[in-house]
């Protein structure tokens with residue numbers, strides 16, 4: 001028998017600061033910087049690198065496909081599928 005609190009919290013989950021991905025996963029995120037020739041996408045403490053990415057994508061929102069991911073290190077590589085243009089609030 002479940003307590004009222006357990007019933008209330010059923011189905012709730014908390015976001016982790018180190019989300020894990022698998023090759024083939026697609027997501028939308030912001031490119032936050034560069035690391036050498038690669039672009040960096042940070043989701044919490046997880047980092048995805050986009051090898052030889054276009055520097056014009058820094059600070060842009062993009063759709064990505066994860067190409068590899070190390071769940072222990074929370075690091076991986078991804079490829080850009082689509083760039084989203086930011087709109088002015090004017």
### For the chain, alpha-carbon Rg and Dmax in angstrom
16.8, 56
### Beta bridges per DSSP with both ends in the range 23-84, % antiparallel, nearest 5
90 percent
### Message
If I take R0 = 22 Å and measure r between the Cβ atoms of residue 58 and residue 25 in this structure, what FRET efficiency does the formula 1/(1 + (r/R0)^6) give, to the nearest 0.05?
### Response
0.50
### Message
Ignoring everything except DSSP H segments at least 4 long, calculate the 222 nm mean residue ellipticity for the chain; use -39,500 (n - 2.57) per segment, divide by total residues, nearest 500.
### Response
-1500 deg cm²/dmol
### Task
Note down the nm distance, to one decimal, between modelled labels 7 Å out along Cα→Cβ at residue 42 and at residue 72.
2.5 nm
### Task
In a Gaussian network model over the chain where Cα atoms closer than 10 Å are linked, find which of 34, 47, 17 has the largest mean-square fluctuation.
17
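Taken together, the values in this text are just the output of simple stated rules run on the coordinates, not laboratory data. Note that the coordinates shown come from a computational prediction; the quantities given were computed from them, not determined experimentally. Backbone-built Cβ (ideal geometry, glycine too); neighbour counts: all protein chains shown.
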